[in-house]
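Heads up: the structure comes next, in structure tokens.
The values are calculated or read from the model by the stated rules, or taken from the named source; none is laboratory data. Because the structure is a prediction, the values reported are computed rather than measured. Every residue, glycine as well, gets a Cβ built from its backbone with ideal geometry; the counts of neighbours run over all protein chains shown. Surface accessibility is based on the protein's heavy atoms, side chains included, excluding ligands, DNA and RNA. Shrake-Rupley method; radii C 1.70, N 1.55, O 1.52, S 1.80 Å.
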Amino acid sequence: MRLTILGGGGFRVPLVYRALLADKGEGRVTHVTLHDLDPRRLDAIVKVLRDQAAGHDDAPAVDVTTDLDEAVAGADFVFSAIRVGGLAGRATDERVALELGVLGQETVGAGGIAYGLRTIPVAVDIARRIARLAPEAWVINFTNPAGMVTEAMAAHLGDRVIGICDSPVGLGRRAAQALGIDPARTWLDYAGLNHLGWLRAIRVDGVDVLPRLLADEHALTSFEEGKLFGADWLRALGSLPNEYLHYYYFNREAVAGAKAAAQTRGAFLLDQQSRFYERMEAPGTPAFATWDATRLEREVTYMAENREAVDAGERNSCDLDSGGYEKVALALMRAIALDERTTLILNVRGRGALKPLDDEAVVETNCHVDANGARPIIGSPLDAHAAGLVTAVKAVERDVIRAATTGDRTAALRAFALHPLVDSVAVARRLLDGYLTTAPGLDYLREESRV
């Protein structure tokens, strides 16, 4: 089986390769093509993969290319993990928003809108090329903002593009472990949008154990989400929100924490990864050890400003293991390629599974997966609060997609103005002007007359 990774020089690629090395089953990936626009980054990641492959006689072969058409032609699966504008673009997104007193996070609020406007035109071009050059390939999208990017690509790839995220499964795993339950025994009732969802039930042998967790103060505050949100608020909700909802429920604190930090998350990662790639150019650098140390620093500092803003303390060692997006990707590929039927939380067109959203809206929810792809499971409806927030944010996503695919600057303004975390049309205008002035990749919106 042939896998192509777009964004193949990206820092997290070794996580995917680690999962491939561990997979010894029938129909495993035997060939990986890494595509990136930066040969220097490709060279660094290949060195890490070479270290990882040491001692594995059956390690998947790896080749690299900077030619997109060459990369996707003949692929069985295409894994998209691109970052248009790089980390420098992310740092700009954060800075422009924070200077106006609103959130600049890469997938949430103004920063997520800017990132979507920059990314979707490239993602759509990729989707068109795959449809032409590899029409039988399945596309697994991890490119952020994952929900809206997947929806934009689905206009050209249909159900053959599926978005993944490790946050929901990570949340479910931590919650189960807090109760001393093996996560493999649980059924997670999760629904929403990417980075905007709620775990509504944790079923074990048909019994929902979430009420037990909510009633246990010690267990509830023993893991990341319990510390971030606090036991009282989780009980008030009656559910466990995705960690990214902290930006909504504690928006003032999150913005204040980001403004008070020595540098934004994007600026931190830009500095950190620049050092990593520079070190990898030096002869004799231990590739995997250098990468792994950098990875651990990245995990330890994840959402540090949010934890500090609500005095949640440092991350526990049990929270440093991500949900495992690479494991989700592998399980998804095996289910499709080998008809290994399974259930995963994925980003797919809802097909009525999440009312009041329409059938074409990409949602994040439980799906049955087999050789025919992923099909959302209709679960209990969202409560009024969740439905209202999901509907509002989906409308914003639709405006971002419209702006990015048609050049409609009015739609871009509307996306900023209607987002729940932007509190003024005047601020929305300043955000749009700020991004058009400083952010890369938005030339297609600059030519239109001022809204």
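Of these, Ala428, Ala415, Ala439, which one is open to solvent by less than 10 Å² (accessible area, probe 1.4 Å), over 30 Å from Ile345 (Cβ atoms) and in contact (Cβ under 8 Å) with a residue 24 or more places away in the chain? Among Ala428, Ala415, Ala439, only Ala439 is open to solvent by less than 10 Å² (accessible area, probe 1.4 Å), over 30 Å from Ile345 (Cβ atoms) and in contact (Cβ under 8 Å) with a residue 24 or more places away in the chain.
With the structure loaded, tell me whether Val207 is more than 25 Å from the chain's Cα centre (by Cα) and open to solvent by 50 Å² or more (accessible area, probe 1.4 Å) or whether it fails that test. Criteria met by Val207.
If you go through the range 353-371 one residue at a time, how many are in contact (Cβ under 8 Å) with a residue 12 or more places away in the chain and more than 21 Å from His419 (Cα to Cα)? Final tally of qualifying residues: 8.
I'm checking my understanding of the structure. Among residues of the range 237-284 that are of a type in the set (Asp, Glu) and open to solvent by 20 Å² or more (accessible area, probe 1.4 Å), which one is farthest from Lys227 (Cα to Cα)? The selected residue is Glu281. Considering only the range 51-58, I want to know if a residue exists there that is charged (D, E, K, R), crowded, with 19+ Cβ neighbours inside 10 Å, in contact with a helix residue (DSSP H, G or I) (Cβ under 6 Å, 6 or more places away or on another chain) and in contact (Cβ under 8 Å) with a residue 24 or more places away in the chain. Looking for residues that are charged (D, E, K, R), crowded, with 19+ Cβ neighbours inside 10 Å, in contact with a helix residue (DSSP H, G or I) (Cβ under 6 Å, 6 or more places away or on another chain) and in contact (Cβ under 8 Å) with a residue 24 or more places away in the chain, one finds none in the range 51-58, hence no. In the range 210-228, the qualifying residues are those that are touching a Leu at 6+ places or on another chain (Cβ under 8 Å) and within 21 Å of Ala384 (Cβ to Cβ), and the one that is most open to solvent (accessible area, probe 1.4 Å) is Leu214.
Sub-6 Å Cβ pairs linking a first residue in the range 289-302 that is in a helix (DSSP H, G or I) to a second residue that is among the charged types (D, E, K, R), at least 6 apart or interchain, are Thr290/Arg279, ordered by first then second residue. Looking across the range 168-194 at every residue that is under 22 Å from the mean Cα position of the chain (by Cα) and among the charged types (D, E, K, R), the one that is farthest from Ala219 (Cα to Cα) is identified as Asp189. Taking the conditions (1) part of a helix (DSSP H, G or I); (2) of a type in the set (D, E, K, R); (3) surrounded by fewer than 21 Cβ atoms within 10 Å (Cβ to Cβ); (4) out of contact with any helix residue (DSSP H, G or I) (no Cβ under 8 Å at 6 or more places or on another chain) in turn, Asp423 satisfies each one other than (1). Within the range 149-187, the residues that satisfy the criterion of being surrounded by fewer than 24 Cβ atoms within 10 Å (Cβ to Cβ) and hydrophobic (A, V, I, L, M, F, W, C) are Ala154, Ala155, Leu157, Val169, Ala176, Ala178, Leu179, Ile181, Ala184, Trp187. For the residues Arg18, Arg2, the requirement of being open to solvent by 70 Å² or more (accessible area, probe 1.4 Å), touching a residue at least 40 places away in the same chain (Cβ under 8 Å) and either at positive phi or in contact with a strand residue (DSSP E or B) (Cβ under 7 Å, 6 or more places away or on another chain) (or both) singles out Arg2. Within the set Val46, Val32, Val62, the sole residue that is open to solvent by 20 Å² or more (accessible area, probe 1.4 Å), modelled with pLDDT of 95 or more and part of a strand (DSSP E or B) turns out to be Val62. Comparison of Gly85, Gly104, Gly112 shows that the only residue that is surrounded by 21 or more Cβ atoms within 10 Å (Cβ to Cβ) and over 15 Å from the mean Cα position of the chain (by Cα) is Gly104.
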